[in-house]
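Take a look at the structure set out below.
Coordinate-derived values only; no laboratory data. Remember, it's a predicted structure, so these values are computed and weren't measured experimentally. Cβ: placed from backbone, ideal geometry, glycine included. Neighbour counts: every protein chain shown.
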Amino acid sequence: MKNIVETGIEMGVFNTLIAAAKAAGLVETLSKETLTVFAPNDDAFAKLPAGTVEGLLEDKEKLTAILTYHVVAGKHLASELMNLRNIQTLQGGELQLDIKKSMVNDAKILQADIECSNGACHMIDSVLMP
């Protein structure tokens, strides 16, 4: 089983997220720590206004805050998240969960429970903003 970063690369739909994680210096953390990532796919990043991604790649502090807002400590599969209304992120904010409706904040969970050697990913259709 591959770690979160390797899984993201292998799936081929998280190219922007992986590039952003590299720019923010988060690859090592995402490769080693036990984490759950609500991972926006490339289409989610494409929905942002023109120039947003490029601007974030140049602002490491803001980029890191946004990326860590998508990450929670520990491995959490959908079945464990089912009864939670919110969960604390590494960024410090909280995500609102409605797993029965496959929602996190205003994002739809497209694919839940992508298991990795160091946690889990849930593919979402929007970039979450803290």
Inset, instruction - Work out the charge dipole of the chain with +1 on the Cβ of Lys and Arg and -1 on the Cβ of Asp and Glu about the Cα centre, then indicate which of 8, 103, 83 is farthest towards its positive end. - result: 83
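I need to check one value: relative contact order of the chain, counting alpha carbon pairs closer than 8 Å and at least 6 residues apart, in percent.
Details: 237 pairs, mean separation 40.0, N = 130.
Computed over the chain, the figure is 31 percent.
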Legend entry - Formal net charge of residues neighbouring residue 23 (Cβ-Cβ distance under 12 Å; K, R +1; D, E -1): -1
Inset, instruction - Check cross-link reach from residue 60 to the aspartates and glutamates: straight Cα distance under 19 Å, and skip same-chain residues fewer than eight apart. - result: 28
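Ranking 79, 126 by Cβ neighbours within 10 Å, fewest first, what do you get?
Going from sparsest to densest Cβ surroundings: 79, 126.
Are there trypsin sites (Lys or Arg not before Pro) in the stretch 83-128 that DSSP marks as loop and that have at most 15 other Cβ atoms within 10 Å, and which are they? It would help to have the intermediate numbers written out before the result.
On the way: sites: 85, 100, 101, 108; in loops: 85.
Listed in order of number, the matching sites are 85.
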Legend entry - lysines whose Cα lies under 26 Å from that of residue 108, excluding same-chain neighbours fewer than 8 positions away: 2, 22, 47, 62, 75, 100
Legend entry - Cα-projected label distance for residue 79 with residue 1, points at 7 Å along beta-carbon direction, nm: 1.3
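For the stretch 4-67, what does the convex hull of the Cα positions come to per residue, in cubic angstrom? Display every interim value, and only then the final one.
On the way: hull volume 4.9 nm³, N = 64.
Given the Cα convex hull of the stretch 4-67, per-residue volume reads 76 Å³.
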Inset, instruction - Give the Debye-formula value of log10 I(q)/I(0) at each listed q (0.22 Å⁻¹), with one equal scatterer per alpha carbon of the stretch 4-124, two decimals each. - result: -1.41
Inset, instruction - Treat every Asp and Glu Cβ in the chain as -1 and every Lys and Arg Cβ as +1, leave all other atoms uncharged, and give the resulting dipole magnitude about the Cα centre to the nearest 20 debye. - result: 220
Inset, instruction - Name the shape class, rounded, prolate or oblate, that the alpha-carbon gyration tensor gives for the stretch 80-130, where a ≥ b ≥ c are the square roots of its eigenvalues, rounded holds for a/c under 1.5, and otherwise prolate holds if a/b is larger than b/c and oblate otherwise. - result: rounded
